[in-house]
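Scroll down for the structure; my scribbles are underneath it.
The values are calculated or read from the model by the stated rules, or taken from the named source; none is laboratory data. All values derive from a computational prediction rather than experimental measurement. Cβ: placed from backbone, ideal geometry, glycine included. Neighbour counts: every protein chain shown.
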Amino acid sequence: GAALAACILRGPWMLVGVYLGLVLPNLTLWSLTPSWLSWVLPLGNVTETAVAWMLLQAGIRRLDYKFNKVANVGWFLLLAPWIPAGVCALFVQSCLLLAGIVPPERYLGEVLVFFLGNATGIVLVTPLILVWRDIPHFQWSGPKGRRIVFLLTSITLALWLFHTDIFPHYIRMTSVLVIPLIVWGIWSTGFRGATLLCLLTSFVYFAFDVPESRPLSHTFVLYPHLGGILPSIENSPHPPCWRRHWSRSVF
């Protein structure tokens, strides 16, 4: 999502930065995977971003990236996420399958998860960056700014109430009352408020739903790929030093 926003704002040369920004973490974090993966896997994300950018350029002559019109939102949601994310998911998971990291029986499931994750990133993050790129000039003290802050606070409290064990179940379920509030908030704050509300809702729900998650940790980023091989390592006939080496190098 951030990569596509960078290409839209600064042009296709940003694809070089996308590749370099993904190669370096792969080289430093994937110490037990084949080295060729570290160089090849980022090509999937670069291709995804390039395809999305070209589809938007070719499909819409004058797309208002401030999304002031509903038609612009619809065209973006139609062209940008699905085909590019599908291409990237097939490429990346095929490479992991070829390297033996993803077992054949889990291939389709991994492709689906990867596809949905990348498509969601484009849907949530790209519009957010585009419509909030002039955030230093936004009047947070104005009516719309105060409304957005109120909505963000209400959603966070409602999601915390839904996931906490402090209160009885019937009290926690009152958090569903925030749904009409979200609908009203999106209607009253426009696309700017909608992008911020949707991103925060998904992130906060994720943070509360996964108790020990660390969204910015490389351990959690790699977890979808490690989940399939950790059980095999644990049951491996190799000496314990293999498991110690894995834990030390990855976690």
Check whether at least one residue in the range 108-119 is touching a residue at least 12 places away in the same chain (Cβ under 8 Å), more than 26 Å from I8 (Cα to Cα) and touching a helix residue (DSSP H, G or I) at 6+ places or on another chain (Cβ under 6 Å), and report yes or no.
yes
Single residue of the range 144-169 satisfying the filter (of a type in the set (S, T, N, Q) and modelled with pLDDT of 70 or more) that is farthest from G11 (Cα to Cα):
S154
Would a scan of the range 120-143 turn up a residue that is in a loop (DSSP other than H, G, I, E, B), modelled with pLDDT under 90 and touching a Gly at 6+ places or on another chain (Cβ under 9 Å)?
yes
Quick check on my filter: what residues within the range 101-118 are outside any helix (DSSP H, G or I) and crowded, with 19+ Cβ neighbours inside 10 Å?
I101, V102
I'd like to check something: does the range 89-99 contain any residue that is assigned by TED's automatic domain parsing to the domain that holds N26, over 25 Å from P12 (Cβ atoms) and at pLDDT below 85?
yes
